[in-house]
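Nothing in this text is a laboratory measurement; each read-out follows from the coordinates by a stated rule. Remember, it's a predicted structure, so these values are computed and weren't measured experimentally. So basically every Cβ, Gly included, is an ideal-geometry build from the backbone, and we count neighbours across all protein chains shown.
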Amino acid sequence: MASEIAHIVAADTLFDKYFSHLDRKQFFIGTVFPDIRKLGEIDRSATHRENLAFDDVASESNSFRAGILLHSLFDSKRSEFLVSKGMYNWYPYDFVTDGALKLLEDEWFYDRVSRWPQINSYFDEIPDEERLWDVAEASLWKWHVGLQDYFRTKPDEQSRERYRILLNTSVGMWEQITDLMEIMRKDARVIETEELLVSTIENVCLFQNY
C-alpha cells in the first residue's frame, strides 16, 4: 500500500493521458480518500477494492469514484512490483517495513509533481461525494486539513511528526518506522527499486512491464 504523496504522484502521472475527460479536482481528492480509514471511522474493506484492472478505472465515469479505484489499483500493482523486485526478501513485510517504505516514497517522489499549491487548493472544500460515506464531517475536515499540511512541502522530520499525529500512530511505533527508514535510505537496492517504480508508474499500473 502506498501513502498519500505517492498516490498523488500516480494520479498526476496518469491523469492527462488517460483521465483528462474527468474533473481533476474530484479525481485527485478521490485518489487519497480511501486512506481516510486510517482515522478509524471506516474499515479498509469499505474504501479499497481488490483484483482491479486498469480498464475498471478507465471505464468509471464518476471522477471521484475513478480516483478511489486508481488508489486501489496502484496499491496492488505497487505491491506486486515490490515483491517482483525482491524488496520483502531484503526486508520482510510487516507494519514497520511498510511504514518505512511509504515514508521514503513520499519523500523521494514528492518532486515528481510541480503543482502542489494547486493540488493543495483542491482540499479547501469537501465534495458532496465524500459526504455520502459514513464518516463524520469533522473527520472529513481533519483529513483534508491534515493532507494540506503534509502536501505543503517535501516531507521532513517536522512534517512527518505532524503526519504521525494525524494518523494517531504511537511514538514508539513511529520511532521503529523512522529508524528503519534511515537504514533503507542508504540501501542501494531500495534506492534502485524505488527509482524504477516512480519512473515506470504507467507501466506498473497498465502493463506490468518493468
Fill in: Environment charge at Trp108 (Cβ cut-off 10 Å; Lys +1, Arg +1, Asp -1, Glu -1)
-3
Worksheet item: What residue among Leu22, Thr193, Ser170 has its Cα farthest toward the positive end of the dipole of the chain, where the charges are +1 on Lys, Arg and -1 on Asp, Glu, each on the Cβ?
Response: Thr193
Worksheet item: Could you name the aspartates and glutamates in cross-link range of Lys142, using Cα to Cα under 17 Å and dropping any fewer than eight places away on the same chain?
Response: Glu4, Asp35, Glu41, Asp124, Glu125, Asp128, Glu129, Glu130, Asp134, Glu161
Discussion item. Suppose every Lys and Arg Cβ carries +1 and every Asp and Glu Cβ carries -1, with no other charges. What dipole size does the stretch 4-206 come out with about its Cα centre, to the nearest 20 debye?
Written reply: 160 debye
